[in-house]
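Input: a single structure, listed below in structure tokens.
The values are calculated or read from the model by the stated rules, or taken from the named source; none is laboratory data. Keep in mind the model is a prediction, meaning the values are calculated, not measured. Positions of Cβ are backbone-derived with ideal geometry, glycine not excepted, and every protein chain shown enters the neighbour counts. When the accessible area is computed, the model is the full protein with side chains, heavy atoms only, and any ligands, DNA or RNA have been set aside. Shrake-Rupley method; radii C 1.70, N 1.55, O 1.52, S 1.80 Å.
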Amino acid sequence: MIALAAALAAAIAAVWIDARNRDRQLRTEVAQRLAELDAGDKVLRAALVAAQDSLRDAQAKIALLENRLAESQTQQAALDALYRELAPSRDEWALTEVEQVLLLASQQLQLAGNVSAALAALQLADAKLQRLNRPQFVPLRRALARDMDRLKAVPYVDVVGISLRLDQAIAGIDALPLALEERLPPPAQEAPAKDVPGWRRFLRDAWQDLRQLVRIENLDRPEAPLLTPPQQFFLRENLKLRLLSARFDLLFRDQANFRADLAAADVWLKKYFDTRAKPVQSLQTLLKELRATDMSTELPGLAGSLDAVRVLQLAREKRMR
């Protein structure tokens, strides 16, 4: 019984010691776990604080962006309203400018017959409308295209080139020889023969001197009138005025007066100037070529384009009312 009691006591002591060791080990593990949890909690709190700071920064940035977006939307609305206000004015200015260009082109056609200037004006107006790219301008551009085709079909007259040729002719009038200044070319000198006796040379020289005393000429035109120096001056000035008048007739496409002035100038050349001189012949040839210039084609008008512009302007005025 004693031995059994001792064994039981030893067993109880061993169990108690083992339980105590396990309790100590469990406490150690719990303490370690608590320490780890405490460290993790500190890290988590620090991360939470950082996340809260980032959230506050993000909220501040979002608020700033929302304010800027609101300002941008306000500005966009103001710009849209301004554009809606300015767009009609811009179209109206464009129509007014196109109308002025068309009026100038029409004046060039009616007063000066300047087809090239009128065509350039129409092309300028069409280019402006093309840049605006408005659907309501399509009828106007169609009318401009028709008028440009009609102007391109007009026969080309080189007004600038003919004017330059007339200016050159006017500049050379002062150097043209008059008919009363006409001089016959000197007779060809015969080469003296070799080994001719002296008496024969004397007779030949005497005969040449006698021939120079008398001149026989067949006149194919009336004798040239004698003109005093003032009359010669006014003759040349009147011839210049005739050519200047022909130049103005060319600018106005007055074919009848253009040819009449050139014909009068040609008559004066034949009557008062030496037609055997090359400068006079060149001027006569020039006048003949210029009289053949055809300017009788009727120039088209720009009524179609002007009517299209005015129709658009009336439509805009009705919409504004």
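Worth a mention:
- Taken over the range 126-139, the residue count meeting the criterion of being within 17 Å of R316 (Cα to Cα) and in contact with an Asp or Glu (Cβ under 9 Å, 6 or more places away or on another chain) is 4.
- Per-region count, the range 108-139, residues over 21 Å from the mean Cα position of the chain (by Cα) and within 24 Å of F252 (Cα to Cα): 4
- Complete set of residues in the range 254-278 that are open to solvent by less than 70 Å² (accessible area, probe 1.4 Å) and either in a helix (DSSP H, G or I) or closer than 14 Å to L166 by Cβ (or both): Q255, F258, A260, D261, L262, A263, A264, A265, D266, W268, L269, Y272
- Evaluation of D294 against the conditions (1) open to solvent by 60 Å² or more (accessible area, probe 1.4 Å); (2) in a helix (DSSP H, G or I); (3) not basic (K, R) shows that the sole unmet condition is (2).
- Residue match in the range 99-107 (condition: more than 30 Å from D254 (Cβ to Cβ) and in a helix (DSSP H, G or I)): no
- Residue in the range 256-279 that is touching a residue at least 60 places away in the same chain (Cβ under 8 Å), of a type in the set (D, E, K, R) and touching a Pro at 6+ places or on another chain (Cβ under 7 Å) present: yes
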